[in-house]
1. Pull up the range 290-325, narrow it to residues that are outside any helix (DSSP H, G or I) and of a type in the set (S, T, N, Q), then point me to the one that is farthest from the chain's Cα centre (by Cα).
2. So, in the range 6-41, of the ones that are of a type in the set (A, V, I, L, M), farther than 20 Å from Phe114 by Cβ and within 17 Å of the chain's Cα centre (by Cα), which residue ends up surrounded by the fewest Cβ atoms within 10 Å (Cβ to Cβ)?
3. Can you confirm whether the range 159-170 contains a residue that is within 14 Å of ligand 1 (Cβ to nearest atom), within 15 Å of the chain's Cα centre (by Cα), crowded, with 21+ Cβ neighbours inside 10 Å and in a loop (DSSP other than H, G, I, E, B)?
4. If you go through the range 171-212 one residue at a time, how many are outside any helix (DSSP H, G or I), of a type outside the set (Ser, Thr, Tyr) and within 15 Å of ligand 1 (Cβ to nearest atom)?
5. Can you say whether Ser116 is buried (at least 22 other Cβ atoms within 10 Å of the Cβ), within 14 Å of ligand 1 (Cβ to nearest atom) and either in contact (Cβ under 8 Å) with a residue 12 or more places away in the chain or of a type in the set (Lys, Arg) (or both), as far as the supplied structure shows?
6. Being part of a loop (DSSP other than H, G, I, E, B), outside the structural domain of Pro86 (by TED's automatic domain parsing) and either farther than 13 Å from Thr214 by Cβ or touching a Phe, Trp or Tyr at 6+ places or on another chain (Cβ under 8 Å) (or both): is that true of Glu264 here?
7. Under 7 Å between Cβ atoms, at least 6 apart or on separate chains: pull out the pairs that start in the range 216-237 with a residue that is in contact (Cβ under 8 Å) with a residue 40 or more places away in the chain and end on any residue that is among the basic types (Lys, Arg).
8. Looking only at the range 63-81, count every residue that is within 18 Å of Ser246 (Cβ to Cβ), among the hydrophobic types (A, V, I, L, M, F, W, C) and within 13 Å of ligand 1 (Cβ to nearest atom) and tell me the total.
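The values are calculated or read from the model by the stated rules, or taken from the named source; none is laboratory data. Keep in mind that this is a model prediction, so the values were computed, not measured. Cβ placement follows ideal geometry from the backbone for every residue including glycine, while neighbour counts extend to all protein chains displayed.
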Amino acid sequence: MTAILVTGGAGYIGSHTVRHLMEQGHEVVVLDNLQTGHRGAVLTPHFYEGDISDAALITEIVKKHRITAAVHFAALSLVGESMKFPTKYLEANTVKSQLFVHALVDNGVKQLVFSSTAAVYGLPTQVPIPEDSPTHPINPYGLSKLFIEQYLQMMDTLHGLKWVALRYFNAAGASEDARIGEAHDPETHLIPLVLQTALGQRESLSIFGNDYNTPDGTCVRDYIHVRDLADAHARALQALENGKPSGSYNVGTGQGYSVLEIVEAARRITGREIPTILAPRREGDPDVLVAQVDKIAADLGFTAKHSDLETLITSAWNWHSQLSC
Ligand SMILES: NC(=O)c1ccc[n+]([C@@H]2O[C@H](COP(=O)([O-])OP(=O)(O)OC[C@H]3O[C@@H](n4cnc5c(N)ncnc54)[C@H](O)[C@@H]3O)[C@@H](O)[C@H]2O)c1
Ligand SMILES: O=c1ccn([C@@H]2O[C@H](COP(=O)(O)OP(=O)(O)O[C@H]3O[C@H](CO)[C@H](O)[C@H](O)[C@H]3O)[C@@H](O)[C@H]2O)c(=O)[nH]1
């Protein structure tokens, strides 16, 4: 039996994707160094604790499990931290990913799905953002991912590596059974912070700026459920298996919500007070990031099915409230 290698499978999006691929009947092997991931979130028995830059370990895993394709989530992904420590991000995400891709190609693995990000676009010139928009990242995190997208294209030319880069917009939500959810420490993402405030674990939620060029002045984002993200990865793997060409795709819903709309929806769904305070703008936040989603619908048959605000916030709330029991 052949298997799929998932790096970062102990992390938030990775663990949901591992579960989905296993439900589809794939054998899944996880490689994760647990620097931000959780051993308990790894739902396959095939787990290796190690680093993506360890070529000897990749060779061992590929041979032992007859790996034919990989999904590469492992990365550092805090935009703010990347502004302070750019070298750390380029080393962790770009240099190490490059070593990982080489180890795959050296061992004959020619199909790869890569976690990219809406941060590759920087300040968008057009919203909803199509994939052929200019890519001018405004933070080292976005740059570290864009380098790898370009490197993958080079590896296609040189070695016939077929790849799909999925440019996620804002990942959110938890599994339907509340088994796995977003467990980052420190947490910086809006929806978990809103829900921790609803639970009384934080005194208030800071709203980073209300003078953006949006209807209510707060930033607008395109929130996509992790279950939908998992589906997008499975479709990307299938497309590669079917011989589709390499390329980059947005993964979003095409619908944006402001920070205030998220807070209001969370108040309604949780029935809790969620105190907010106005705080200064956070460096590097564009006004609006919303995906154009036609390309992924046409090529991969993907549309988001679980990303309406109700499902998204309810699933995250069920997971967060269970943790606090
Ligand atoms: N969360 C979002 O909204 C979002 C948006 C766009 C893109 N992304 C990208 O999606 C991917 C997953 O994000 P996430 O939110 O699940 O992050 P996460 O931190 O929960 O998961 C990342 C996982 O990778 C592991 N890891 C990191 N460096 C490693 C290394 N060198 N070797 C082995 N394992 C390593 C971590 O231990 C962790 O389990 C990342 O590449 C991130 O940049 C996330
Ligand atoms: O306490 C908070 C936290 C966030 N926000 C606001 O909420 C919005 C969403 O912020 P998140 O931190 O949840 O998400 P980002 O849009 O900053 O980041 C996401 O999208 C980026 C692409 O632009 C990267 O891919 C990144 O990894 C991914 O988490 C932003 O306008 C932010 O300013 C607040 O007002 N208060």
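1. Ser324
2. Leu34
3. yes
4. Selection size over the range 171-212: 13.
5. Here the answer is yes, as Ser116 does meet what is asked.
6. So Glu264 fails the test.
7. Asp228/Lys305
8. 2
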